[in-house]
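Working notes for the structure below.
The values are calculated or read from the model by the stated rules, or taken from the named source; none is laboratory data. If you're wondering where the values come from, they're calculated on a predicted model, not measured in any experiment. Methodologically, a virtual Cβ is constructed for each residue, glycine included, from the backbone with ideal geometry; neighbour enumeration extends over all protein chains shown.
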Amino acid sequence: MVIDQPAAQPQLQPQPQSQAYGEIYDLGYRHYDGPRLGRSQAIRSLIVYSIKRGLGIKKRWTSKIMPIFLYVASYAPALIAAGIMGFAPDAAEFDYLSLNGFIMPALLIFAAGLAPEMLSDDRRENVLPLYFSRALTRLDYLLAKMAAMGLLMGTIAFGPPLLLFIATSLLDSNPLSYMGDNVTDIGRIALTRPR
């Protein structure tokens with residue numbers, strides 16, 4: 001009786017590598033030799049970053065819809081009023097208090113959407129330890145976020161009445177004398193008071 005022997009397995013020879021898997025570059029650790037701008041620059045940078053974040057800059061296009069809509073909703077009445085005054089000067093007299101009636105809903109919606117955007121994203125993305133490992137304190141962080149929110153809301157609250165004041169001044173027969181005579185209107189705009 002003959003027992004079949006298994007066929008001999010071929011020996012695999014290691015192949016020489018023709019390409020390297022990766023390369024290591026030793027760049028070394030270098031110390032930063034540039035100017036150290038300090039705490040005030042960190043606060044300014046956080047304000048600018050927060051304003052961009054609130055407007056949806058460098059975010060998905062869906063994040064830009066609400067800020068654009070609210071800016072259009074708040075500036076459109078001032079532009080329409082300026083257009084009416086330009087084409088039909090005797091048609092109607094527009095005051096800043098009636099303009100504020102259009103601005104207030106947009107301002108409230110903007111505040112309701114902006115406040116969580118300012119604080120929640122930093123917590124969700126776990127970047128707060130990075131902020132606090134630098135020159136910023138917790139109070140600096142909070143003040144920078146409040147300043148960014150105040151600047152954004154100020155553009156909605158005071159921008160349209162200021163635009164209406166500039167349009168009214170330019171449509172007058174003597175714009176410089178109109179501005180000089182009605183310069184107190186700028187204070188009324190800031191205080192949202194009627195004449």
Exactly one of (1) under 14 Å from L46 (Cα atoms); (2) under 18 Å from the mean Cα position of the chain (by Cα); (3) among the aliphatic types (A, V, I, L, M) is unmet by A106. Its number? (1)
Pairs please, first residue from the range 44-71 and free of Cβ contacts under 8 Å to residues at least 24 places away in the same chain and among the β-branched types (V, I, T), second anywhere and part of a helix (DSSP H, G or I) and surrounded by fewer than 16 Cβ atoms within 10 Å (Cβ to Cβ), Cβ atoms under 9 Å, 6+ apart in sequence or on different chains. I57/S63; I57/K64
Tell me, which residue of the range 125-165 that is of a type in the set (K, R) and more than 13 Å from the chain's Cα centre (by Cα) is nearest to G113 (Cα to Cα)? R138
Turns out the helices (runs of 4 or more DSSP H) fully within the range 76-195 with at least 3 residues that are without any contact (Cβ under 8 Å) to a residue 12 or more places away in the chain, out of contact with any Phe, Trp or Tyr (no Cβ under 6 Å at 6 or more places or on another chain) and surrounded by 15 or more Cβ atoms within 10 Å (Cβ to Cβ) are none
Let me spell it out: the conditions are (1) in a helix (DSSP H, G or I); (2) under 22 Å from L46 (Cβ atoms); (3) modelled with pLDDT of 85 or more, and I57 meets all of them except one. Which number is the exception? (1)
